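Engineer: Got a structure for you, questions after.
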Amino acid sequence: MKKVTRIEEVSDLEDFGTDLVKFYIFFEKDDGNEVSIPFIVYMWDILKYLKGFKPDAAAYIDKVSMSIRSYAMKDGKILEILHKEEFPIYSFVKEYFNNISSEKINKHIEWSETKVSPSYIEDFREFERQMQPNLAESNARLFLFAEAVDEVVQKEIKRFYPEFFDSIDSESYTKYDEILMEKVQELVSELDNFFFRESQK
């Protein structure tokens with residue numbers, strides 16, 4: 001088992017316009033030195049692990065996620081709440097790492113020492129930015145579009161079905177909101193894909 005020396009959170013929000021978080025896990029090699037290239041694990045990998053092995057922890061994170069109404073990825077917002085409430089997310093990241101096979105970890109060490117320079121991560125992210133220079137703007141527009149559609153649809157729903165909202169309980173409202181968000185997301189994604197395909201003709 002390799003000793004984890006530090007964990008860093010890295011978000012794609014600023015570079016690519018989506019609140020997707022990955023954990024950079026630095027650890028000690030057999031010679032006692034820290035790896036130059038961290039092992040990278042996405043937030044969704046941790047959630048998947050927790051659902052299989054720590055269902056109570058997974059349920060808590062799901063509850064936090066459900067409390068944040070958003071059409072965009074929201075890893076950073078979730079982690080902000082988890083850290084504020086002193087939820088031991090890093091302990092679970094370490095636990096996930098410690099359950100990775102030695103063979104996979106050793107392959108990562110070999111790869112990082114023979115195939116890449118210590119600046120690999122920064123270089124790779126710069127390469128991603130150059131390959132998709134408008135990605136952040138495109139993602140931001142998509143999320144703003146979804147929120148705008150949501151606002152208009154909600155206004156019209158409340159105009160046509162005022163009696164529903166006069167007597168609605170929290171459980172019914174949650175069901176209504178889930179339907180609304182699912183359908184708005186479907187519409188926005190389908191239109192975005194349509195506009196992209198048409199622009200390529």
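The values are calculated or read from the model by the stated rules, or taken from the named source; none is laboratory data. Worth saying up front: this structure is predicted, and the values here are computed from it rather than measured. Note that we place each Cβ from the backbone using ideal geometry, even for glycine, and neighbour counts take in every protein chain shown. Heads up: the accessible areas ignore ligands, DNA and RNA and are worked out on the full protein's heavy atoms, side chains in. Shrake-Rupley method; radii C 1.70, N 1.55, O 1.52, S 1.80 Å.
Engineer: Which of the following residues is open to solvent by 40 Å² or more (accessible area, probe 1.4 Å) and either basic (Lys, Arg) or within 30 Å of ALA148 (Cβ to Cβ) (or both): SER70, SER11, SER65?
Structural biologist: Being open to solvent by 40 Å² or more (accessible area, probe 1.4 Å) and either basic (Lys, Arg) or within 30 Å of ALA148 (Cβ to Cβ) (or both) holds for just one of SER70, SER11, SER65, which is SER11.
Engineer: Among the residues of the range 73-96, write down those that are among the basic types (Lys, Arg) and either within 26 Å of PHE145 (Cα to Cα) or not in a helix (DSSP H, G or I) (or both).
Structural biologist: LYS74, LYS77
Engineer: Over 30 Å from PHE16 (Cα atoms) and outside any helix (DSSP H, G or I): does that describe ILE157?
Structural biologist: Criteria not met by ILE157.
Engineer: So which residues in the range 16-39 are modelled with pLDDT under 85 and within 20 Å of LYS74 (Cβ to Cβ), if there are any at all?
Structural biologist: Across the range 16-39, the qualifying residues are PHE16, GLY17, THR18.
Engineer: Right, something else. Name every residue in the range 17-46 that is buried (at least 18 other Cβ atoms within 10 Å of the Cβ) and part of a helix (DSSP H, G or I), in order of residue number.
Structural biologist: The answer is MET43, ILE46.
Engineer: Taking only pairs six or more apart or across chains, which ones have beta-carbon atoms under 7 Å, a first residue in the range 132-155 that is farther than 18 Å from VAL184 by Cβ and modelled with pLDDT under 75, and a second residue that is open to solvent by 40 Å² or more (accessible area, probe 1.4 Å) and in a helix (DSSP H, G or I)?
Structural biologist: Partner pairs satisfying both residue conditions: ALA136/ASP15.
Engineer: Scanning the range 73-106 for residues that are among the basic types (Lys, Arg) and over 13 Å from the mean Cα position of the chain (by Cα), which turns out least open to solvent (accessible area, probe 1.4 Å)?
Structural biologist: Per the criteria, the residue is LYS94.
Engineer: Using beta carbons and a limit of 8 Å, which pairs, at least six apart or on different chains, have the first residue in the range 185-201 and within 13 Å of PHE145 (Cβ to Cβ) and the second one among the hydroxyl-bearing types (Ser, Thr, Tyr)?
Structural biologist: GLN185/TYR71; VAL188/TYR71
Engineer: Moving on to the next point. Counting only residues that are among the hydroxyl-bearing types (Ser, Thr, Tyr) and farther than 19 Å from LYS155 by Cβ, which one in the range 173-196 is most open to solvent (accessible area, probe 1.4 Å)?
Structural biologist: Only one residue tops the list, namely THR174.
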